[in-house]
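Report on one structure; see the data block that follows.
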Amino acid sequence: MQTNPYASNVESTRDIDIEHHAPEGIEDKDGAAKTSNYRRRICMRCSICCGCTVVVLLTGAIVGYFVVLSIVIRRSIADFVTIGPPQSEYCSDELALNPSNLTQYIRWPGCKGGVVKTLQDFDSCGGTCFSSNLIAAMQDFNSQNEFRKVSLRSRPGPTGEQPLLTGWWLPAASSSEAVAPRIVLQHGFTSNSNKYHMQLKAFFLRSIGFSVLVMNLQDHCYSPNSIPHTVHWGYDYHYSLLGAWDYAQNDPDGILGGKLPPSKVGIMGLSMGGFIVNNAFGAEPLVPAAWSDSPPASPLLAFKEGASRQLPSFLVDILLQPVWQKVMDAAGVDLMLNTAAKNLPRGPDTQRPFALVQNKQDTTVFLENYIAIKHIVAAHPKKYNLTVDWLIDASCNGDTHAVLNVMYPNMYRRKLCKFWTHALNVPGGEDSCGLSKLPSLDV
């Protein structure tokens with residue numbers, strides 16, 4: 001009997017085939033065990049691979065989260081509490097700007113700043129929002145009326161600090177009273193006394209018989225830097241405003257025309273300045289009335305709304321708290337120490353006049369803030385009388401934040417006249433404003 005020289009190889013090959021493939025129908029006493037081992041090894045390999053994939057994905061997600069978190073934190077700190085060029089824009093000594101010459105140099109909605117613009121330029125860049133009538137009237141008025149730079153101290157803050165503040169004293173052109181009533185104007189976030197919002201409101205008020213003190217917060221414009229050198233929001237800014245209110249009332253330097261009773265000195269602000277006004281109004285019972293234009297209800301709400309403009313909503317929900325905590329840490333102070341919800345309910349039961357102004361289209365301070373503040377005021381009818389509740393839907397050359405004064409100047413001036421003459425008990429009431437003698441400012 002001949003032997004097959006390849007038999008051992010055939011058997012070996014058969015064994016290998018059975019081990020790897022275990023085809024059905026092949027009788028082998030070790031087949032079942034080998035098949036089971038094979039399947040076990042395959043499952044183990046799959047489990048390891050799947051586990052590795054999950055680990056890699058989780059690691060990538062965690063790393064991605066912290067990368068995004070780091071980027072958002074840096075951006076948020078820079079945007080929300082860092083003092084930068086916007087706070088000192090138009091304030092350098094080299095420019096030598098003052099109320100008599102800044103009107104045609106500063107930025108207006110649709111019209112770039114940093115260059116002197118002609119009235120024809122304003123007719124072009126102002127579009128349907130505003131015309132050169134407004135600019136010409138403001139420039140003429142400011143060039144013919146007095147102004148003076150003043151310095152004053154804040155009221156003592158939470159730790160006793162009293163930063164030095166600077167601003168413009170802008171007396172009324174004329175008044176029905178021997179000494180004109182006074183309004184302290186508070187600028188907003190990334191703003192100062194020399195930007196159009198403040199200067200335009202001051203022009204309105206002065207032209208209808210109210211003297212104005214436009215003050216700069218610490219770290220802004222002419223005011224010296226503070227420690228920490230950050231935007232303080234609800235920490236101590238209302239003490240700065242109240243320090244200016246004290247100054248406007250008491251005339252300690254003897255340059256305002258003499259002392260006035262508290263009932264003759266009001267406060268007014270826009271954006272973050274409106275937020276500061278709300279805090280000061282609740283904290284100081286002797287302030288007779290307040291005008292708040294486009295105010296955030298709280299820094300956290302303003303921050304959340306800013307984040308929602310740049311991030312998907314799911315990321316805002318995930319990142320809000322950890323990012324906000326880092327922003328608070330970077331600020332070095334408690335930004336939420338004073339808010340409308342905390343301070344306004346503290347006011348006296350004297351039904352003081354309150355004005356609230358808001359644009360529905362505002363993409364900087366959303367409508368939610370107006371609703372929240374109005375709710376607080378409405379919840380305290382013994383404390384506040386909402387005599388001006390002005391909500392409008394408008395856009396000015398793409399700007400939507402606090403633009404009612406530039407879009408509707410005649411109406412804004414008229415509402416200021418009615419509100420402040422009644423709130424400060426001006427003799428003659430609205431007639432004292434002389435509105436019929438003033439030039440039209442509308443387009």
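Remark: pairs (first residue in the range 402-422, assigned by TED's automatic domain parsing to the domain that holds LEU356; second residue hydroxyl-bearing (Ser, Thr, Tyr); Cβ separation under 7 Å; 6+ apart in sequence or on different chains) = ALA402/SER271; ALA402/SER294; LEU404/TYR412; ASN405/TYR412; ASN410/SER440; PHE419/THR387; THR421/SER432.
Summed over the range 280-323, the residues that are closer than 30 Å to ARG352 by Cβ, part of a loop (DSSP other than H, G, I, E, B) and under 18 Å from the mean Cα position of the chain (by Cα) give a count of 5.
Just to be sure before I move on: is PHE203 at negative phi, of a type outside the set (Ser, Thr, Tyr), buried (at least 22 other Cβ atoms within 10 Å of the Cβ) and out of contact with any Asp or Glu (no Cβ under 9 Å at 6 or more places or on another chain) in the structure I sent? In short, yes.
Spot the failing condition for GLY258; the list is (1) in contact (Cβ under 8 Å) with a residue 60 or more places away in the chain; (2) more than 13 Å from the chain's Cα centre (by Cα); (3) buried (at least 18 other Cβ atoms within 10 Å of the Cβ), and only one is missed. Result: GLY258 passes all but (3). Among residues of the range 380-439 being hydroxyl-bearing (Ser, Thr, Tyr) and farther than 28 Å from LEU260 by Cβ, the one that is farthest from the chain's Cα centre (by Cα) is TYR408. Only one entry in VAL365, VAL357, VAL443 is touching a Ser or Thr at 6+ places or on another chain (Cβ under 8 Å), of a type in the set (Val, Ile, Thr) and not assigned by TED's automatic domain parsing to the domain that holds LEU200, namely VAL443.
Would you confirm, using the coordinates I've provided, whether GLY273 is within 17 Å of ASN385 (Cα to Cα) and in the same structural domain as PHE147 (by TED's automatic domain parsing)? Criteria not met by GLY273. Taking the conditions exactly as written (touching a residue at least 12 places away in the same chain (Cβ under 8 Å), in a helix (DSSP H, G or I), touching a strand residue (DSSP E or B) at 6+ places or on another chain (Cβ under 7 Å) and of a type in the set (Phe, Trp, Tyr)), does TYR247 satisfy them or not? Judged against the criteria, TYR247 is a match.
Report the residue count in the range 160-185 for those that are surrounded by 21 or more Cβ atoms within 10 Å (Cβ to Cβ), among the hydrophobic types (A, V, I, L, M, F, W, C) and closer than 18 Å to GLY434 by Cβ. The qualifying residues number 4.
The selection criterion, being touching a Lys or Arg at 6+ places or on another chain (Cβ under 6 Å) and in the same structural domain as SER263 (by TED's automatic domain parsing), holds for ALA172. Mind checking whether some residue in the range 298-310 is farther than 30 Å from ARG74 by Cα and either buried (at least 22 other Cβ atoms within 10 Å of the Cβ) or out of contact with any strand residue (DSSP E or B) (no Cβ under 7 Å at 6 or more places or on another chain) (or both)? No.
The values are calculated or read from the model by the stated rules, or taken from the named source; none is laboratory data. Since we're looking at a predicted model, the values are computed, not measured. Because the Cβ atoms are built from the backbone with ideal geometry, glycine has one as well, and the counts that use them run over all protein chains shown.
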